[in-house]
1. Separation between the LEU155 and SER194 pseudo-spin-labels, each 7 Å from Cα along Cα→Cβ, expressed in nm?
2. For THR101, what is the net charge nearby, where nearby means another residue's Cβ is under 11 Å from its Cβ and Lys, Arg count +1, Asp, Glu -1?
3. How big is D, in µm² s⁻¹, for region 144-209 by Stokes-Einstein at 25 °C and 0.890 mPa s if Rh is the Kirkwood radius over C-alpha pairs?
4. Roughly how big is region 118-193's charge dipole about its Cα centre, with Cβ charges of +1 (Lys, Arg) and -1 (Asp, Glu), in debye to the nearest 20?
5. With a cut-off of 20 Å, note down the residues of region 111-153 whose backbone N falls inside the zone around a label point 7 Å from the Cα of GLU204 toward its beta carbon.
6. Note down the net charge around SER202, summing +1 for each Lys or Arg and -1 for each Asp or Glu among other residues with Cβ under 10 Å from its Cβ.
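Taken together, the values in this text are just the output of simple stated rules run on the coordinates, not laboratory data. The structure displayed is predicted, hence computed values, not measured ones. All Cβ positions, even for glycine, are placed from backbone atoms using ideal geometry, and neighbour counts span all protein chains on display.
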Amino acid sequence: MKLPIRLLAAALPLLLAACVHKEAVRPQPKADYAVLLNEQRAREHLLEKTDHWVLQGKIGVSGEVNGKKEGGSGTLTWTQNGDNYEFVVRGPVGSKSFKLTVTPVGATLEGLEGGPQRSPDVESLVQNTLGWQVPFRDLRAWVLGTRADSGPAELKFGDDGLPMSLTQDGWTVTYPGWDNKREPALPTKVFASSPTSSVRLSVESWTIQ
């Protein structure tokens, strides 16, 4: 049965509008991995000299050392001043609170029973005194959403073009949240895990100096 010409003429604009709408909402193809990797290199180049900043947030650490479960949590103030940095962790009532000061020649841990503890190696100092396994050498880069210079790294990107996960030195770092209002963008959540430990950072504020 043929439709009247008048009816076809009336229906044609509606059909064309539907086609235009369908074309408008068509999902955009994902960016090529090589393009995303180049964008990440550009981010890393912008951030490589960012070495004076203050991070305010929360930290949680859990893991197993010598068959014993260890861990803790608290608020964190991380002050980076060139190659020196300071961690101030304030735990809930009854939990551990401490200040960790690190320089190129060693680390000092204060605020625990027995007085200040010192060691030329920050990671062994924290593990021996707190039972925490924290990859301090790489964490400075990872917390900015960049690769550390310690070896090969594998990156996966999210739909926003920013790193979704980073695998390096036996650790897998995931980035559930980003502050996209900054240029370059900075993570708001950084979760690092290894076969024996996990470190979770929730960033409440960045102050870049």
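1. 2.4
2. On the way: positive: LYS99, ARG118; negative: GLU86, GLU110.
With Lys, Arg at +1 and Asp, Glu at -1, the net is 0.
3. Reported coefficient: 196 µm²/s.
4. Working: 8 positive and 10 negative charges, 40 e Å.
Using only the charged Cβ atoms, the result is roughly 200 debye.
5. Zone members listed by number: 143-144.
6. With Lys, Arg at +1 and Asp, Glu at -1, the neighbours total +2.
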